[in-house]
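Trainee: Here you go, one structure.
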Amino acid sequence: MRRILWRPRTRILAVAVTLCMAALGLPGAAAANTATVQHIAVPAYFNPNGTPGSTFWTQLNQSTPAVGIAIANPNSGPGSAFDQGYANAIQAATNAGVHVIGYVDTGYFGTTGRTTRDGQTTTDAWTAQAEADVNSWYSWYGSYGLAGIFFDDGLADCGTNNAHVSLYEAINTFTKQNYSGALTVDNPGVGAEQCYSDAADVLVMFEGTYADYTGWTAPAWELNSTNPDKFWHLIYNTPTQADMENAVSLSKQRNAGYLYVTDGNLPNPWNTLPTGTYWSDELAQSAASGSGGGGTGGGGNCTPVAGSGDITNYSACMNGTTETFTATFNAAAPFHHVFINTDNDQATGFQLPAPSTSPLGADYMIENNTLYQSLSSGWSWAPVTGVSPNMTQNGNTYSWTLPLSALNNPATTQQAEFNGNTFYTNPVTFTQS
């Protein structure tokens, strides 16, 4: 079974810096739009005819509504004949609420010299094979609930006079005209140019390792889109649950409405599913909104403190995996700060100046959508590499969700204080639920 194509990417390494608040404060570049609630979309490249494949399909079905899409792939496409085992799997998943889409290889439509199954390299030959595979999928599995088609090995550039994107627009039109209601997905695996926005319902804009994902930058048109469900990120070789949590947080900032994070690795990370708390936490993390979190804060149960002045309706919460901070900034400010005393010791960390009512002893600071760790009692900070708080904005209200794993030995009781310009709130004490 052929895999989704691997594409190497360069990881951007962050370096520690010492900042001056007035002159050198460097805010992170927040996305214009962020995905707050997502769906897991899984390359389900495991055969339902026997174990462990049948077990994985059952796991998907039991994971709705968090799981929204699954790709069926008998043999780098629909295979050579109808398979009752796949028919049963597609029907069961459909009944559970999963949209199952069928794998079709486009081979870059021959532009790279790839050959079709019968050895041809022309664009016409690849188009004919892709159309035949679409027809086979629907002929064999349409009555079992097949929801659409996944077009792999996609091009990402428009091409001269839009020649490349036109190929994907044409196969998209063919599918939708012949099979009403079909969900279509293109997989370039890298950031496609904006000309592809109408070439499919969903675009896979990233496919690669967690190490690459932490340094990847999404295209501006993805970040600015008002439709996160246009974008899907596939992240493999994500070893730990903490890494997975950070990947989900990053994917939300990058405006991906669909994602899949797995600890699976080469040669094929898509032939299995994460299990245990890794999987259950991924389902929960993807569905978490920017203002959730549970725990205590504000008035003691995460109810916002009304406050007054430049910052109102602020709260801090913590559960077993994340911390969440929310505040309304009533005055324009270039930097929106959350100072966090994570060790419950006011004597350590940055000592907040007047007019703050408390020195706090901040061990960490969120500045816009960048997390920093304190280097001293003065204004000296180092960015925490590979972690970005999931910042969402609704009018003047800002929310941040931070993986607990990003913090060094966090205490179960912490304090936070919000700051904008020269205004500071009172400290908020919050405890892990």
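Every number in this text was worked out from the coordinates using simple rules, so none of it is lab data. Remember, predicted model here, so these are calculated numbers, not experimental data. Reconstructed Cβ throughout: ideal geometry from the backbone, glycine too, with neighbour counts over all protein chains shown.
Trainee: About the Cα centre of the chain, what is the dipole size in debye to 20, counting +1 per Lys and Arg Cβ and -1 per Asp and Glu Cβ, all else neutral?
Mentor: In total the dipole reaches around 100 debye.
Trainee: Here's something else I'd like to know. Quick one: net charge around residue 125, please, counting Lys, Arg +1 and Asp, Glu -1 for every other residue with C-beta under 14 Å from its C-beta.
Mentor: That works out to -3.
Trainee: Could you pull out which residues in the stretch 227-241 have an amide N less than 15 Å from a spot 7 Å beyond the Cα of residue 265, following the Cα-Cβ vector?
Mentor: Counting only backbone N, you get 236-241.
Trainee: I've got another one for you. Determine the gain in length on full extension of the stretch residue 220-residue 135; use 0.36 nm per residue of separation and subtract their C-alpha separation, reporting nm with one decimal.
Mentor: Working it through step by step, the gained length comes to 27.0 nm.
Trainee: Got a sec? Which residues in the stretch 303-329 would a label at residue 431 touch, if it sits 7 Å along Cα→Cβ and we count backbone N under 11 Å?
Mentor: None, by backbone N distance to the label point.
Trainee: Sum -39500 (n - 2.57) across every DSSP H segment of at least 4 residues in the chain, then divide by the residue count to get the 222 nm mean residue ellipticity, nearest 500.
Mentor: -6500 deg cm²/dmol
Trainee: Rank the residues 176, 252, 230 as a footprinting-exposure proxy: fewest other Cβ atoms within 10 Å of their Cβ go first.
Mentor: 176, 230, 252
Trainee: Quick one: grab the alpha carbon gyration tensor of the stretch 33-287, order the square roots of its eigenvalues as a ≥ b ≥ c, and give me rounded if a/c is under 1.5, else prolate or oblate depending on whether a/b is larger than b/c.
Mentor: oblate
Trainee: Give me the one-decimal nm value for the distance between modelled label points at residue 178 and residue 411, 7 Å along each residue's Cα-to-Cβ direction.
Mentor: Placing both labels 7 Å along Cα→Cβ, they lie 6.6 nm apart.
Trainee: While we're on this one: Between residue 375 and residue 229, with labels modelled 7 Å along Cα→Cβ, what's the label distance in nm to one decimal, could you check?
Mentor: 4.6 nm
Trainee: Give me the angle, in degrees from 0 to 90, between the Cα long axis of helix 276-287 and the longest principal axis of the Cα atoms of the chain, rounded to the nearest 10.
Mentor: On a 0 to 90 degree scale, this one is about 80.
Trainee: Rounded to the nearest 10 degrees, what's the angle between the helix 84-96 long axis and the longest principal axis of the chain, both from Cα atoms, 0 to 90?
Mentor: 40 degrees
Trainee: Roughly what would the spin-label model give for residue 198 and residue 80, points 7 Å off Cα along C-beta, in nm?
Mentor: 4.1 nm
Trainee: A further question follows. Once you have the Kirkwood Rh of the stretch 137-276 from its Cα pairs, apply Stokes-Einstein at 20 °C and 1.002 mPa s and quote D in µm²/s.
Mentor: The estimated diffusion coefficient comes to 134 µm²/s.
Trainee: Taking Rg and Dmax of the Cα atoms in Å as the quantity of interest, determine which of (1) 32.0, 103; (2) 32.8, 107; (3) 23.8, 75 was computed from the displayed structure.
Mentor: Answer by label: (3).
Trainee: Read phi for every residue in the stretch 117-129 and hand back ³J(HN,Hα) as whole Hz from Karplus 6.51 cos²θ - 1.76 cosθ + 1.60, θ = phi - 60°, with x for Gly and Pro.
Mentor: Result, rounded to whole Hz: 5, 9, x, 9, 10, 6, 4, 4, 5, 5, 4, 5, 5.
Trainee: Relative to the longest principal axis of the chain, what angle (0 to 90°, nearest 10) does the C-alpha long axis of helix 163-178 take?
Mentor: For helix 163-178, the angle is close to 70 degrees.
Trainee: Can you compute 3J(HN,Hα) from phi for each residue in the stretch 228-240, using the Karplus curve 6.51 cos²θ - 1.76 cosθ + 1.60 with θ = phi - 60°, rounded to whole Hz and x for Gly and Pro?
Mentor: Coupling constants for the stretch 228-240: x, 5, 6, 10, 9, 10, 10, 10, 10, 6, 9, x, 10 Hz.
Trainee: Which shape class applies to the stretch 319-433: rounded if a/c is under 1.5, otherwise prolate when a/b exceeds b/c and oblate if not, where a ≥ b ≥ c are the square roots of the Cα gyration tensor eigenvalues?
Mentor: Rounded shape, in that the Cα axes give a/c under 1.5.
Trainee: Placing unit charges on C-beta atoms (Lys and Arg positive, Asp and Glu negative, everything else neutral), compute the dipole magnitude of the stretch 128-198 about its Cα centre in debye, rounded to 20.
Mentor: 260 debye
Trainee: Let me ask something else about it. Based on the Cβ-Cβ distance from residue 162 to residue 242, what FRET efficiency comes out when R0 is 51 Å, to the nearest 0.05?
Mentor: 0.75
Trainee: List every residue whose amide H lies under 5 Å from the amide H of residue 421, counting only residues 5 or more places away in sequence or on a different chain, with H placed 1.01 Å from N in the peptide plane.
Mentor: Distant-sequence amide H within range of residue 421: 335.
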